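First comes the structure, then the notes that go with it.
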Amino acid sequence: MGNLEGKVAIVTGAARGLGAAYCVALAHEGAAVMATDIRECAETVGDVVAAGGRAIGTTADVANANSAKAIADATLDAYGRIDILVNNAAMYGNLHAGRFHTLDEAEWDACMAVNVKGLWQCCKAVVPTMQQQGGGSIINISSLAAVYGIANALHYATSKGAVIGFTRALARELGRDNIRVNAIAPTMVDTPGTSEIMKENRDRFAEAVKRNQTLRKTLETEDLVGTVLYLASDMSKFVTGQTIMVDGGTVYL
């Protein structure tokens, strides 16, 4: 029996990359999973089911309040409860990198809407259920970019810094309800989104990242899922308001 047997998890940004991997890992530990993304999640659901887990998928825009509520409603209709929310959806691979004064204003606003407002909308949608159930775990995905600082992606770094502040403030509010709120801040991960934003500079950037790490390797998906499982389960039942760096020892908090 897995550590999450009988639990229900929502994972946003679940169509590919890290979100898809989180879904498979959570299901492997026994959780029933709602995979949601602005893209179709059929492949992710298929991977979970093929591995013997339970999952359903839905398309949604996390920055829209009605859409976020629809995710929660569909999860309750299918599984009857919500125990875990992984706020993974973010604008990243589809952003345009550049010096701060060249960034497009509309893209800045869209980045904040998804990467920050999206967390707020999804939390508003699931917290009432968690309160009724007597607890839950919310896991927000930040980034090393927020703590270390990353040039030429000010919109992304700023949005991920907001995730850390959001996590700390919401943890203060929800502790009385036994709802834990934590964040994970990974370094560059080898995903399709990374290749999209870095383009021909990907390998050069990856080498630069590794030179700043204590552990000299590129972070891969399987290196990150364990932290999600830890925060989702009762193994971390006295941990809240924290940001866990999964960055190979780039910064020490």
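Throughout, read-outs are computed from the coordinates displayed, never taken from laboratory work. Predicted model, so just to flag it, every value in this text is computed and none were measured. Neighbour counts are summed over all protein chains in view; Cβ atoms, including those assigned to glycine, are modelled from backbone coordinates with ideal geometry.
Computed over the chain, the P(r) curve from all C-alpha pair distances, binned at 10 Å from the origin, holds 8, 33, 38, 18, 3, 0 percent per bin.
Placing a label point 7 Å from the Cα of Tyr230 along the Cα-to-Cβ line, the residues of segment 118-157 whose backbone N sits under 20 Å from it are 136-148.
Using Cβ counts within 10 Å as a stand-in for footprinting exposure, how do Val24, Val11 rank, fewest first? Mind showing how you got there, number by number?
On the way: Val24 21, Val11 33.
Arranged by neighbour count, lowest to highest, Val24, Val11 become Val24, Val11.
Could you please state, rounded to a whole Å, how far the C-alpha centre of segment 116-156 is from the C-alpha centre of segment 1-31? With segment 116-156 and segment 1-31 each reduced to a Cα centre, they are spaced 17 Å. Sparse packing (at most 15 other Cβ atoms within 10 Å of the Cβ) combined with a DSSP loop state is found for none of the trypsin sites (Lys or Arg not before Pro) in segment 120-168.
Using the number of other C-beta atoms within 10 angstrom as an exposure proxy, rank Tyr92, Tyr252, Tyr79, Tyr22 with the fewest first. Mind dumping the intermediate values first?
Working: Tyr92 23, Tyr252 7, Tyr79 19, Tyr22 29.
Placing the least packed residue first, the sequence is Tyr252, Tyr79, Tyr92, Tyr22.
Ordered by the count of other Cβ atoms within 10 Å of each Cβ, fewest first, Val163, Val62, Val116 give Val116, Val163, Val62.
Dividing the convex hull volume of the alpha carbon atoms of segment 3-59 by its residue count gives 55 Å³ per residue. Can you give me the relative contact order of the chain as a percent, contacts being Cα pairs under 8 Å and 6 or more apart? So the answer I get is 18 percent. For Lys217, the lysines whose Cα falls under 27 Å of its own Cα, not counting residues fewer than eight places away in the same chain, are Lys160, Lys199. Within the straight-line cut-off of under 18 Å between alpha carbons, the aspartates and glutamates reachable from Lys117 are Asp37, Asp61, Glu105, Glu107, Asp109, Glu173, sequence neighbours fewer than 8 places apart in one chain being disregarded. Computed over segment 105-199, the percent of Cα pairs more than 21 Å apart is 38.
Okay, helix-only estimate at 222 nm for the chain: each DSSP H run of n ≥ 4 adds -39500 (n - 2.57), divide by all residues, round to 500 deg cm²/dmol; what do you get?
Mean residue ellipticity at 222 nm (helix-derived): -13500 deg cm²/dmol.
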